[in-house]
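No lab work stands behind these numbers, since they all come straight from the coordinates. Keep in mind the model is a prediction, meaning the values are calculated, not measured. Cβ atoms come from the backbone with ideal geometry, glycine included; neighbour counts cover every protein chain shown.
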Amino acid sequence: PGGLMLRDDTGRLNGVLLEKAMYQMLPAMPQPTAEQKLAMLDAAQARYFAEGYTHAQDGATSPADLGFFTSDAARARLKIDLALLPIYTGLDALLANPDIRFRTYQDHVKIEGVKFILDGSPQARTAYFTRDYERGSPSGDHPWHGQPIVSQEEFDTLARKVNDRGWQIFVHANGDAAIDMAIKGFDALGIKAADDRRPIVIHSQFQRPDQLPAYARIGVGPAYFSNHTWYWGDVHRSNFPKEVVDFISPFRAAREAGLIASNHSDFSVTPLDTRFMLWTSMARVSPTGVVAGADQRLDAYAGLQALTTGPAWQVFEENRKGRIKAGLLADFVILDKNPLASPVNAIKDIKVLETVKEGRTVWKASAD
């Protein structure tokens, strides 16, 4: 349950594993050496700095990677702030480790919360919906509305263990049925906005309008993904009605509901390009020119907030970073044009000239 093993026309397995079906294979894959990991870390943070990032988040940290990122060798190399989200499948080891400290930086790395995965992706037709996909399952089966990766009971049980420790809960949920599961789980824990627990639902892509009040009541921070409107807006229209696709990543509705949202690229699913992300949150257009919910478009300032102050709040760092203000970290990026004064379609062409982390230049564009 929660995964798919695809087959060819003769019924033989074709080697494609989706969602939970691939989990057992991942540990058996060839692993890089410690030296290779350090080289990859150097290259990765250089790439992030080149796009204007000063803070990154590892969205599903394995036990092995948790050990690596918190090692002395990795901590000595890190210049970017890195928040780790240990994956729920390694929860027992976290609970048994008396030295684990959440939301406490060790140099530039901290463990932020525990990541749960409730469903797959809408473009792969593995996200969990209350309505059927018009095109059926990845194998062509009908009817098909996706399936959860974990049961409601399993999520509730594990989330309670996390919540009882006071650790922050992060949940991957794309389809509206998976979002229902997240809401039900938070309600079972009795979480309310006044508690300031800030559970985060990553993607929250195909949220229904009636789910926004629940987010506000619980204090959920939606981590939206505006790049979907460009990369898969046309694909989604082949599966769902217009009104469903038009409400994807509903930034404006979330703001009106009093929610503090963020925007992300889900790298390596889509590129790290921050200006392109800003543009997709403002344009919400597909390659064929179809707009997904013009009423959910953001202006440039709100789009920038979804990349700065919103993410900072979601990881309890709004009083440390996210704005250029006395007393906060001097983390900022210098661009070649002002996005607040640029035409919408010029936003994606803005260049990063320099990235500054805590007052020190960590990346600068070449003179040519």
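Data overview
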quantity	calculated
Gain on full stretching of the segment that runs from T104 to A76 - 0.36 nm per residue minus C-alpha separation	8.4 nm
Counted charge near W363, where neighbours are those whose Cβ lies closer than 10 Å (Asp, Glu -1; Lys, Arg +1)	+2
Set of lysines near K337 by C-alpha distance (under 27 Å), chain-local residues within fewer than 8 positions excluded	K79, K321, K325, K348, K351, K357, K364
Residue with peak Gaussian network fluctuation, the chain [Cα springs, cutoff 10 Å], from L328, L13, L118	L13
Charge tally in the Cβ shell below 12 Å around R135, where Lys, Arg are +1 and Asp, Glu are -1, R135 excluded	-1
Mean Cα-pair separation over length for the chain, i.e. relative contact order, pairs under 8 Å, 6 or more apart, %	12 percent
Neighbour count of at most 15 Cβ within 10 Å plus DSSP loop: longest GluC sites (Glu not before Pro)-free window in the chain	135-357
For the chain, convex hull volume per residue from C-alpha positions, Å³	160 Å³
Label point distance in nm, V244-D349, each placed 7 Å from Cα along Cα→Cβ	3.7 nm
Amide hydrogen neighbours beyond the local backbone of I111, cut-off 5 Å, H modeled	L84, R103, T104
Residues whose placed amide H lies under 5 Å from that of E354, excluding near-sequence neighbours	I334, A365
Extended-chain gain in nm, criterion 0.36 nm per residue less alpha-carbon gap, T288 and F316	6.2 nm
Separation of the D92 and D9 label points, Cα + 7 Å toward Cβ, nm	4.5 nm
Residue-span extension gain [S366 to D132] - 0.36 nm each, minus C-alpha spacing	79.2 nm
Choice from D180, D119, D141 showing the highest fluctuation, given a GNM over the chain with Cα pairs closer than 10 Å	D141
Gyration tensor verdict on the stretch 118-205 (Cα atoms; rounded if a/c is under 1.5, prolate if a/b is larger than b/c, oblate otherwise)	prolate
